Amino acid sequence: MTHYAKLNDGVLNYAPATKGNILGYNLASNNAQLLKDGYKPVEKILNKEKYTDCEGTYLFHFEELDDKIVEVATYHPYSYAFLRKNAYPEIADLCDALVKLNSNDEALKAAGEQQLSAYVQTCLDIKNKYPKP
């Protein structure tokens with residue numbers, strides 16, 4: 001079903017269902033009158049599920065063309081700080097490694113060194129993956 005609207009400051013104002021003594025004013029069968037009154041057909045994005053990305057988000061807005069109003073998806077990438085924050089390993093892993101390193105048990109110290117080394121390497125990999133602009 002085609003809907004008709006006017007776009008005012010980014011907000012869709014749909015044609016009313018009735019106008020004066022005209023019932024069904026907003027129906028496509030009244031296309032000529034709707035166009036004459038400044039309403040345009042609206043094309044919405046039907047499958048918004050395809051607009052997904054792990055490193056950003058899509059925002060949707062409407063744009064007015066000569067003969068219609070269309071919904072548009074605009075991609076906004078997340079900042080490097082946001083991406084890094086969500087990718088870094090848990091701080092508890094670092095704390096656990098430091099506790100092991102400061103224990104009197106040689107086996108725990110060795111495990112702590114490996115754990116700390118892995119933690120640092122993961123953080124460096126993330127910094128390389130999401131560099132500062």
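The values are calculated or read from the model by the stated rules, or taken from the named source; none is laboratory data. Treat the numbers as computed from the prediction; the structure is a model and nothing was measured. Cβ atoms come from the backbone with ideal geometry, glycine included; neighbour counts cover every protein chain shown. Keep in mind that these areas ignore ligands, DNA and RNA; they rest on the heavy atoms of the full protein, side chains included. Shrake-Rupley method; radii C 1.70, N 1.55, O 1.52, S 1.80 Å.
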Pairs of alpha-carbon atoms within less than 8 angstrom and 6+ residues apart define the contacts here; what relative contact order does the stretch 15-127 have, in percent?
15
Hull volume in cubic angstrom per residue (convex hull over the Cα atoms of the chain)
160
How many Å² of accessible area per residue for the chain, probe 1.4 Å?
71
Can you give me the relative contact order of the stretch 1-70 as a percent, contacts being Cα pairs under 8 Å and 6 or more apart?
33
Quick one: if you stick a label point 7 Å off each Cα along the C-beta vector at residue 124 and residue 79, how many nm between them?
2.7
Return the whole-Å distance between the Cα centroid of the stretch 65-133 and the Cα centroid of the stretch 1-54.
46
Setting aside same-chain residues fewer than 8 positions from residue 129, which lysines have a Cα under 24 Å from its Cα?
85
Tell me the carbon and sulfur percent of the accessible area for the chain, rounded to whole percent, probe radius 1.4 Å.
54
Going down the list 100/132; 109/132; 6/48; 19/44, which pairs span over 29 Å between their C-alpha atoms?
100/132; 109/132
The answer for the chain, counting only DSSP H helices whose Cα atoms cover 30 angstrom or more along the axis and whose Kyte-Doolittle average is -1.0 or greater, is 106-129
Excluding residues fewer than 8 positions from residue 50 in its own chain, the lysines with Cα under 24 Å of it are 68
